[in-house]
Structures are given as C-alpha cells and as structure tokens.
Amino acid sequence: MKIEHLAINVPDALSLARWYVEHLGLTVKRRMMEEPWAHFLADDSGTVMLELYTNKAVAMPDYEHMEAANLHLAFVSTDLQADLLRLSRVGATTPDQTEFMPNGDEVAMFRDPWNIPLQLVKRVQPMI
C-alpha cells in the first residue's frame, strides 16, 4: 500500500496552508474554501501530501506543549542555517541548536507560527 496523505487538525487551516505554500514550497492539490477549510498540499515531488483542516467538533491538539520528539513534520533542506533564518523571519521559532547525528545528518527542530513541531534535515545520504 502507498500512503496518500497525513491529516492534521489545526486551528486555522486556511492561514496555515497559505504559510506552508509560501514558505515551505508546498502546492495546493485540492482545497475547501468553507469549513472545515481542508487543504491537500503536496511537496515538490508530488508524491507526499498533507491534509490541513480545522475540525472544531473535536479537541484541538495542544501543539504548543507537544514534544517534537512525539510528533513533527520533517522537511529536507540543502542549507539548514539559511532555511532556519528565512523561516524565522516569517514567524517560525528558531531552534536552540542544530544537531549532528552519528551518521553526519544535520537536523533542527523548530515550530511554525501555529506551534506545530517541524524539523529540517540535511541528510548525508538522501533517504527518498
């Protein structure tokens, strides 16, 4: 089986989807311009997709207090420091530090303006 998408209930799907398109390079594949504001966003390969929506009928996850080690959305970066600086200028948090994994991969955890945990990763050997 192939994964089609990962769905994430967020407080403001319309604004979040716009930010992800403008600043993370995702593209809109389908969207609803009324509640629950569902937006299906694909990465630049066109094979990985997120659904962002706002479902007020269920409890919203507490992203601000969620440990990034429990849930995060990771993006490939070819220049971690430049991407972190660029994203911090448009509302993302800045990480305390970037980490180098034993295999040489460089990773950084941070949060988007809605506190959803994100990660940038620069792999020594690409995984996808």
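The values are calculated or read from the model by the stated rules, or taken from the named source; none is laboratory data. All of these numbers come straight from a predicted model, not from anything done at the bench. Please note: Cβ atoms are built from the backbone with ideal geometry, for glycine as well, and neighbour counts cover all protein chains shown.
Key figures for this structure:
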| item | result |
| --- | --- |
| Total residues in the stretch 69-87, condition over 26 Å from MET49 (Cβ atoms) and in contact with a strand residue (DSSP E or B) (Cβ under 8 Å, 6 or more places away or on another chain) | 0 |
| Candidate set from the stretch 103-128 (those that are free of Cβ contacts under 8 Å to residues at least 60 places away in the same chain and closer than 18 Å to ARG18 by Cα); member that is surrounded by the fewest Cβ atoms within 10 Å (Cβ to Cβ) | ASN115 |
| Qualifying positions in the stretch 53-102 - touching a Phe, Trp or Tyr at 6+ places or on another chain (Cβ under 9 Å), exposed (fewer than 15 other Cβ atoms within 10 Å of the Cβ) and of a type in the set (A, V, I, L, M) | LEU71, VAL90 |
| Residues satisfying the stated conditions in the stretch 99-128, i.e. within 19 Å of LEU52 (Cα to Cα) and either part of a strand (DSSP E or B) or of a type in the set (Ser, Thr, Tyr) (or both) | PHE110, ARG111, PRO117, LEU118, GLN119 |
| Residue ID - surrounded by the fewest Cβ atoms within 10 Å (Cβ to Cβ), chosen from residues in the stretch 1-31 that are in a loop (DSSP other than H, G, I, E, B) and in contact with a helix residue (DSSP H, G or I) (Cβ under 9 Å, 6 or more places away or on another chain) | PRO11 |
| Test result for GLN81, outside the structural domain of TYR20 (by TED's automatic domain parsing), free of Cβ contacts under 8 Å to residues at least 24 places away in the same chain and part of a loop (DSSP other than H, G, I, E, B) | no |
| Residue pairs meeting the criteria (Cβ under 9 Å; at least 6 apart or on separate chains; first in a loop (DSSP other than H, G, I, E, B), in the stretch 44-71; second of a type in the set (A, V, I, L, M, F, W, C) and exposed (fewer than 11 other Cβ atoms within 10 Å of the Cβ)) | SER45/ILE128; THR47/ILE128; VAL48/ILE3; VAL48/ILE128 |
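Residue-wise test of (1) farther than 22 Å from LEU41 by Cα; (2) modelled with pLDDT of 95 or more.
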position	(1), (2)
MET66	yes, no
ASN70	yes, no
VAL76	no, yes
ALA82	yes, yes
ARG89	yes, yes
THR98	yes, no
MET101	yes, no
MET127	no, no
